[in-house]
Amino acid sequence: MPLLEVENLRKQFGGLMAVDDVSFRVHRDQIKALIGPNGAGKTTLFNALTGVDKPTSGKVLFDGADITGKRAHEVAEIGIARTFQNTQIFANMNVLENVMVGRHCQTKSGIFSCMLGLPSVRREDLESEERAYSLLTLVGLEKKAKSSSDDLPVGERHLLEIARALATEPKLILLDEPAAGLNNEETSRLSDTIYRIRGNGVTVLLVEHDMGLVMEISDEVVVLNFGKKIAEGPPLLIQQDEQVIQAYLGQEIEHA
Amino acid sequence: MTSGRRGRLNKQWLWVGLYALTMAIIPNVLANNYYMKMLIVLAINTIIVIGLNLLMGYAGQVSLGHAAFYGIGAYSSAIMTTKYGMSAWLGIVAAILVGGLVAYLIAIPALRLKGHYLAMATLGFAEIVHILFIELREITGGTDGLYGVPAPSIAGFAFDTPQRLYVLVWMVLVICLVMALNIAKSRVGRALRAVHGSEIAAASMGVDTAKYKIQVFVLSGILACVGGSLYASMAGYVSSESFTLTVSITLVTMAVCGGMGNVWGAVIGASTLTIMQEYLKSYNDYNLVIFGAILILAMVFMPQGIYGAFSDLAKKLKHRLQAIPETAGEQHAAS
Amino acid sequence: MKKWIALMLVLSLAIFAIGCQKATKQQTTDTTGDTKEPYKIGAVVSATGPAGPLGEPEKKTLEMIVEQINKDGGVDGHQIELFIEDDESNPTNATTAVSKLIDEKGVIAIIGGTTTPSTLAMKPETAKVKVPHIAMAAGIKVTEAPNEWIFRTAQSDAIAVQKVIDYLSKTLKVKKFAILHDSNAFGQSGATELQGRAPGAGMEVVGVESYKTEDTDLTAQLTKIKGSGAEVVVVWGTNPSPAIAAKNMKQLNMTIPFVGSHGIANKSFITLAGTAADGVVFPAAKILVPASAAGEQKDAIDKFIADYTAKYAEGPNSFAGHAYDAIHILVQALEKAGSDNEALRDAIQETQGFNGISGIFNYGADDHDGLKTSDMIMVEIKDGKWTEKK
Amino acid sequence: MQFDQLLQFIISGITSGSIYALIALGFTLIYNSTQVINLAQGEFVVYGGLIAVSLYAGAGLPLFAAVLLSIIIVTLIGVVFERLAIRPLINHSIMTLIIVTVGASILFKNIAMIIWGRDPLTIPAFSGDDPIMFFGASIIPQSIWVFGITMVTVVLLQLFYKKTITGKAMKACSINQTAAKLMGINSSSIVLLSFALSAAFGAIAGVLIAPISMVSYSMGGFLGLKGFAGAVLGGLGNPIGAVVGGILLGILESLSIGFIASGYKDAVAFLILLLVLFLRPSGILGARIKEKV
């Protein structure tokens, strides 16, 4: 059974069909990439999968269960975590606390026990802190644990978001353009990190513009154009796909 | 690393202890009814602003309507005691229940709104409540208000003078402060700050944003009701004029001036502004002119509030101190 | 840079304010050497906030009279030291102000507040510590039991309302009238009282409409009253709304009589309402038409008007009169009984035949209001002038 | 209820509503350029009215000169306020800026009390007090002035937004400040302009209502509240929304006097405002807020 099944998903904004009848599957322990020219509907698709937006129609199955239309925090609890293209760092917290927010799904203390400062709350907190710290080490940000998250450069913000998403202990992580703003060296470190994430048993679905990275790490690629899926397959095949080349070329001509 | 965290926490409780002690010593130095009343008012404001800071500073949800909860607390107490002859304790319980319920009912639809729309909704709600205080004469006594609100008592000991009531208010204040600090550093506190930082990201981390927004709104509403209830016991008299839009705005001003997003900011803001407002009264007509000017200046020079300004200053000093050994050595060499 | 400019601007403002403060302090402490301890008297007025136009003349009057008394040698050789607190029209401030005056300043008697809510907030405080208290607010509850320590100099709403009821039923002989009132304490109390007394005089209240003090337009309320079949509209509020009502009535071509409250007993109403003020009738103290008073009371009124006008370049209104009466009654009692609180209270209660601005006061154990309906007159505005309506 | 009565209610509502609309317009301008709710907006109205009174009755200027000069002076006050108190904080949190406007409103209000005293003041109506009959309902000429000038103002504002370069820049700033900055638009002068314009709109409202409802130092808070409510009801940021919201609020109040009870008129108006917000979280004509991720 695949981990994630997307069936005939549609998302419409007014007259615009941003995601049009898209279906694909993500298998366990895969690294799957979602690519396409600007405005192809990749982020919209992510939003529809993670409950940020409600899909207009279609179905999302996760681990065999229908999660279509569930709210964002429920999706996170089920085991899908994500990062954001325009990073959504909690600027009012330090780096470590940002990751500790990710522990939210894995902890339980309610407002009353927190108010009273029960020992169980303290225990949970310490545990969260230790776990968060080790995740920061995983992405290489442990030295900045106590700095203000607002001061991080763009590249490190993406890394912080990855650590934060991992803190939810997901089965599937959705990465939205994690390489944006990274230099070559950082990108290669990122690909190591992504491999390590998969090594820890977390399936990866990523949106990325850096074709080098995509072709290097993904097992499979899905290509979207104008909201429609135009190709799916291993990187080598995709690179030769006529329609894909057309889509990207078309865009380049437009840009020029 | 964990030991460092422990150290920080201990320091925090040290501050709480110092604060509680100071607040307990003051009445022994300034023992007259007037100072005691001002101290009670200060403590009540602090309790309300602590709640408001959790709501605004932590969760980022603006309320321009907290005078309504303040009033609901005061009126609930007053109505229960003067109309139904209940004890003042039951009055406080009633204030918490009524206030919590009202806060819950208004929070569900209102917290779907964002930014200034939320501010307007809470403001509108407070105006409606204020009008009800005036118009429901049968229950609220109309503009004449309600008087003869009794003070609470335990086993024959009545908190009926400002000195005695202050003991009760002091206890409530310290409890509220500790609870707020506990929340602030906990999982829930982080969730609230996450909601403020980015609602979408918070939700994607599994934070049920709607739930937490409602919880913190209800909590801050309840704290304001507790404050109102204590106020009714102090004044013995409740009238709609004490719970106007101006009061709501003053409370928000206290929260912002003290420093948002930090419980101590609330304590500092409420204390400073309460004292300043009272002190400036001796300037008669110029009183509010000066107050307005100070407010503008405070914001221009301390945009992060008093707490923010001082913690910035402390950080800078720390850097300086760390830098001193080297530069000092150079200076010696030069001279 | 701009920050510093702003800082300097404000600092200078602050220094200016401190200067003013010192100047006024010097005024009050500039007294000739005397051996006896001064009598400390406290007052709480609403000098600012919505009730500011009422409280400010009260404050000015208190300052003026105390200055006069001190210049004339004080009370039995005691100078009077007056402490005035502004409650900003907020009862919460009134309760702390009372404590400040009693506990910090050590005053032996309290005058105030301006508004009914503030006074009601002060009432239990003065009673608790047994300090004689003379109120200047009109609400009926002010002197309701328990009233051991509180008296008042404002005409209670009961008197003003009775005056209006008499005028409506006996002079105009109408059967139906409508009420338009401010939703504040002054307006609500008047409206409640009017509704309570109308049936006894054989009249029916056919409409009760209210407005907020700041409302800019009252045509909607008046349109409703117009359709109610009222023969008279009674407007109970303070400026500027009754003036707006008078103008709006003209606009709506409503020709039924406009009867006001003593809240419009000031020149401001005539200025604001312009020609629409003509024909408006309202109950007021005799200070408005000094000729309506007689004997010693007339002399007192004339002197007060002359003194006040000389000092402040504007005439006093009836609220100023409340302050005049309060401080004089208190001083008389101090002369008689000294500063002991019980004795002072009894002396105030024994005040008989005091010729005040608002009337001739006769307090008693059962009467802490001291005034009768005959102490008020009905005033009509004719060509922008006040005349007694008989 | 008779037709002329109903019509009178609606006319009364439009009279107060037009004033709310003008104030709401001021809110909208500042909101668009800074995202700040200027809680001192009502004070501009008060100053407009009070300065006009001083110039007319005190300095003896002709009415229209007094009115015009008053508007100019208040505009300058708006400019000075922006330079001294808003400019230094423009990159700080919106809450900080709002508290600055709270401070300013307290400051302005009490300076006005010291200068002009506590009693309300008035100036004569622009073209007399004789009411005009309109299908059995009556209306005073000043109300027509208020309504007319509100309409003219909003039309001019729309033209300004559409036809002039500065106006287009202002609109661009309201949509996306960073992008506008990248396009070379000087957003700080746009902010200044928006304060100047909204002070001017406030002053216009002040001189227009001085003859109808008198002005006193203390009415700014109340008027500001109504203007804010109107702006939110219509949809923050949309000038047409501000006018629609303001007038609608006036009509709602006046109809609730007619059909419910005058004591509850504000409660009813606010209740409807809340219901509208709960159904349409960005007001009647407001754009949907959408966070981009």
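Numbers for the structure displayed
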{"item": "For residues of A:66-78, the mean tally of beta carbons on other chains within 10 Å", "result": "3"}
{"item": "Euclidean distance of C-alpha centroids, segment D:35-109 and segment B:76-91, integer Å", "result": "46"}
{"item": "By average C-beta atoms within 10 angstrom, highest first, the peptides D:92-103, C:82-93", "result": "C:82-93, D:92-103"}
{"item": "Long-range HN-HN contacts of C:Val107 with modeled amide H, under 5 Å", "result": "C:Ile102"}
{"item": "Relative contact order (percent, whole number), segment B:212-335, Cα cutoff 8 Å, 6+ residue spacing", "result": "20"}
{"item": "Heavy-atom SASA rank of C:Trp236, B:Trp264, B:Trp89 (probe 1.4 Å, accessible area, largest first)", "result": "B:Trp89, B:Trp264, C:Trp236"}
{"item": "Whichever aspartates and glutamates have a C-alpha closer than 20 Å to that of B:Lys315, once near sequence neighbours (fewer than 8 apart) are set aside", "result": "A:Glu97, A:Asp150, A:Asp151, B:Glu326"}
{"item": "Residue-by-residue Karplus 3J(HN,Hα) for segment B:227-232, coefficients 6.51, -1.76, 1.60, Hz, glycine and proline x", "result": "x, x, 5, 5, 4, 4"}
{"item": "Calculated FRET value between B:Gln163 and D:Asp130, using beta carbons and R₀ = 60 Å, to 0.05", "result": "0.35"}
{"item": "Net dipole in debye of the protein assembly as shown [+1 Lys, Arg Cβ; -1 Asp, Glu Cβ; about Cα centre; nearest 20]", "result": "1600"}
{"item": "Gaussian network model of chain C, Cα within-10 Å springs - most flexible of C:Gly42, C:Gly274, C:Gly113", "result": "C:Gly274"}
{"item": "Chain B: angle of helix B:187-197 to the longest principal axis, Cα-based, in degrees nearest 10", "result": "80"}
{"item": "Chain B, relative contact order in percent, only Cα pairs under 8 angstrom and at least six apart counted", "result": "29"}
{"item": "Shielding by partners, peptide C:123-133 (average Cβ within 10 angstrom, other chains)", "result": "2"}
{"item": "Pairs of lysines in segment B:26-303 (C-alpha under 23 Å apart; 8 or more residues apart or interchain)", "result": "5"}
{"item": "Degrees, to the nearest 10: B:2-29 long Cα axis against longest axis of chain B", "result": "50"}
{"item": "Mean-position separation - Cα centroids, segment A:195-229 and segment C:340-367, in angstrom", "result": "93"}
{"item": "Built amide H within the under 5 Å cut-off of A:Asp63, gap 5+", "result": "A:Leu4, A:Glu5"}
{"item": "Alpha-carbon centroid distance for the pair segment D:260-285 / segment C:56-106, whole angstrom", "result": "45"}
{"item": "Table column - 3J(HN,Hα) (Hz), segment B:298-314, Karplus curve with 6.51, -1.76, 1.60, x for Gly and Pro", "result": "4, 6, 5, 8, 10, x, 8, x, 5, 4, x, 4, 6, 6, 4, 4, 4"}
{"item": "Derived scalar couplings ³J(HN,Hα) [segment D:46-56; Karplus, 6.51 cos²θ - 1.76 cosθ + 1.60; whole Hz; x for Gly, Pro]", "result": "4, 5, x, x, 5, 5, 4, 4, 4, 5, 7"}
{"item": "Set of aspartates and glutamates with alpha-carbon distance to A:Lys59 below 14 Å, sequence-local pairs under 8 removed", "result": "A:Glu5, A:Glu7, A:Asp20, A:Asp21"}
{"item": "Carbon and sulfur %, accessible surface of chain B computed with the full protein complex present, 1.4 Å", "result": "67"}
{"item": "Cα-based Lys pair tally, segment C:256-332, threshold under 17 Å, eight or more apart or on separate chains", "result": "4"}
{"item": "Amide H partners (placed H, <5 Å) of C:Leu180, local residues excluded", "result": "C:Glu209, C:Val234, C:Val235, C:Trp236"}
{"item": "Residues of segment C:196-218 with amide N under 16 Å of the 7 Å Cα→Cβ point at C:Glu231", "result": "C:198-207"}
{"item": "Separation in nanometres of the label points that stand 7 Å from Cα toward Cβ, at B:Ile175 and A:Glu130", "result": "3.5"}
{"item": "0 to 90° range, to nearest 10: angle between helix B:88-110 axis and chain B longest Cα axis", "result": "70"}
{"item": "Chain C: DSSP helices with Cα axial extent of at least 24 Å and average Kyte-Doolittle hydropathy no lower than 0.0", "result": "C:2-29, C:318-337"}
{"item": "Residue-level accessible surface for A:Tyr195, protein heavy atoms, 1.4 Å, Å²", "result": "80"}
{"item": "Chains B and D, summed buried accessible surface - 1.4 Å probe, Å², nearest 100", "result": "3800"}
{"item": "C:Thr387/D:Arg83 FRET efficiency (R0 60 Å; Cβ-Cβ; nearest 0.05)", "result": "0.65"}
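The values are calculated or read from the model by the stated rules, or taken from the named source; none is laboratory data. Computed from a prediction, not measured in an experiment: that's the story for all the values here. Here the Cβ is made from the backbone with ideal geometry for all residues, glycine too, and neighbour counts use every protein chain on show. These accessible areas exclude ligands, DNA and RNA; they are computed on the full protein's heavy atoms, side chains included. Shrake-Rupley method; radii C 1.70, N 1.55, O 1.52, S 1.80 Å.
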